[in-house]
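The structure under discussion appears below in the form of structure tokens.
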Amino acid sequence: MGSEFRNLMQMRHMITCSLSPFQQCAFPHYFTKGIPNVLRRTRAPALRVVFYLVDTWGTEGFEKSKRKNSAAYENDK
């Protein structure tokens, strides 16, 4: 057999490049691009959440105001 595991197949006209693990950046542009992107993405739907909460609060208040006050009818027979 004689050939090593990495030399079992030879390919022509194929270029491969690799970067040393010591030269790679684990979190490239994390603070300059990552955090502002997260803030931008969370700020976009925040207005929808505010509108939903106001709508829910308003609907709940309207439904509560339509009810009769049971204290006003306690003495009726």
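The values are calculated or read from the model by the stated rules, or taken from the named source; none is laboratory data. In this text, all values refer to a predicted model and were calculated from it rather than measured experimentally.
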Query raised in the report: Got a number for residues in the stretch 37-64 being over 13 Å from the mean Cα position of the chain (by Cα) and at pLDDT below 90?
Result: 1
Report task. Select from the stretch 4-14 the residues that are at pLDDT below 75 and assigned to a loop (DSSP other than H, G, I, E, B) and write down the one among them that is farthest from the chain's Cα centre (by Cα). Result -> E4
